[in-house]
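Remarks on the structure that follows.
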Amino acid sequence: MLFWLVTGWLIANGFSIDVQEITIEDGVETVVILRNNDIILKLIIAISLSSISFYLNLANISNLYKTKKGLQILLFSFVLIVVPISLFYVIESYLMSATIRLPISIILGIFFFYFTISVAYGITKVWQKAERQKQQLALEKNRAELTMLRAQLHPHFLFNVLNNLLAMVDQKANPVLASSLDRLSGLLRYVVYDTDVENVTIRKEIEFIRNFSALQIQRFENEEIDFELEIIGEHDLQKIEPGIFIPFVENVFKYGVEPEKKSKVKISFDLTEPNKIKFESTNPIYPALQKNKGNRSGISSTKARLQLVYPNCHKLTIIENETFQVHLEFKTNESDHS
């Protein structure tokens, strides 16, 4: 409000002078300023139209934080400066006195003055939001790394011990045990070594899910689980945040499979597009298991990670009716090179 009052007063006071008389009487100089009410009214209308354009353009510029469609935002900003100027000249020409017309330089100067400030202010706000998000993401990553380090408890040692045990198993006499240990070794290898980078390929993530699911299925009888892992498309070298799907897969086997019951479970990945991944999981809902489901902290933390790593470019939908369904899609902005 103070900004508009100060700048409006300065503009109206500076450009509404109609006549300025200077008289000298008895050696005393007197300045008399006469202002034109029509000019003042036109200046107020120009400032009012500029204020509308100011806030509309500010909202438009703020969209740069949410979308990357910069060209559309630029075109809309152009419209937001052209339309108010045109509207002012329509009002001046048809609804107001034409005796005195404001110079075009003054009108354009007023509109572009406020428009430039709105652009600068909007870009500054977008930059501040982006910086805050970067700081938040860095903080969350540091916390996640610290939590992972605390939770590992010398995973390299466990990994080596597991490989030693695998070497001791007679694979012909105990093929199931040998296969299970081999899969578990693969899981540990992924957690300890492969995820020790900022991003991993979706191919490695799917392989981890395949091994994890196989170990989970071995806990049940053959007829108790109808499991399907579907992979559609060939763009499996896209880089993603490690472990982003694991909490959903864990929930499938934790809350969607019950002994002595037939459970149909499906996990699918759609990799038909080079820069987008679609994930779906479906499992039954068993009331007895739902009572012990807790607060699903894994899903809650995954939602937070998605918001930080894929802001405004992911969509997560969870549906609970007769089945528990998860639909997740996000843009990776990377295409495979296969």
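Please list, by residue number, every one of the trypsin sites (Lys or Arg not before Pro) in segment 230-271 that is coil in DSSP and has at most 13 other beta-carbon atoms within 10 Å.
Answer by residue number: Lys261, Lys262.
Taken over segment 220-338, lysine pairs spaced eight or more positions apart, or on distinct chains, with alpha carbons under 16 Å apart number 17. Among Tyr255, Tyr286, a tally of other beta-carbon atoms within 10 Å of each Cβ gives an order, fewest to most, of Tyr286, Tyr255.
Modelled this way, with points 7 Å down the Cα-to-C-beta line, the labels at Ile117 and Asn275 are 3.8 nm from one another. The H on the amide N of Ile231, modeled in the peptide plane, is under 5 Å from the matching H of Phe269, each at least 5 residues off or on a different chain. In this label model, Glu320 and Lys141 are separated by 3.3 nm, measuring between points 7 Å along each Cα→Cβ vector.
Computed about its Cα centre, the charge dipole of segment 2-133 is approximately 1280 debye, with only Lys, Arg, Asp and Glu carrying charge at their Cβ. Arranged from fewest to most other beta-carbon atoms within 10 Å of their beta carbon, Leu108, Leu71, Leu237 become Leu71, Leu108, Leu237.
Tell me the net charge near Met96. Cut-off is 14 Å between Cβ atoms, Met96 excluded, with +1 for each Lys or Arg and -1 for each Asp or Glu.
0
Neighbour counting of Cβ atoms within 10 Å sorts the residues Ser281, Ser179, Ser77, fewest neighbours leading, into Ser179, Ser77, Ser281.
A crude spin-label estimate for the pair Ile217 and Arg132, with each label 7 Å from Cα along the Cβ direction, gives 4.7 nm.
Annotation: amide H of Ile225 within the under-5 Å range of Ser263, sequence separation 5 or more or interchain, hydrogens built in the peptide plane. The chymotrypsin sites (Phe, Trp or Tyr not before Pro) found in segment 81-120 include none that occupy coil by DSSP while having at most 14 further C-beta atoms within 10 Å.
All of the numbers you see were taken from the coordinates with simple rules; none came from a lab. All of these numbers come straight from a predicted model, not from anything done at the bench. We place every Cβ from the backbone using ideal geometry, glycine too, and count neighbours over all the protein chains shown.
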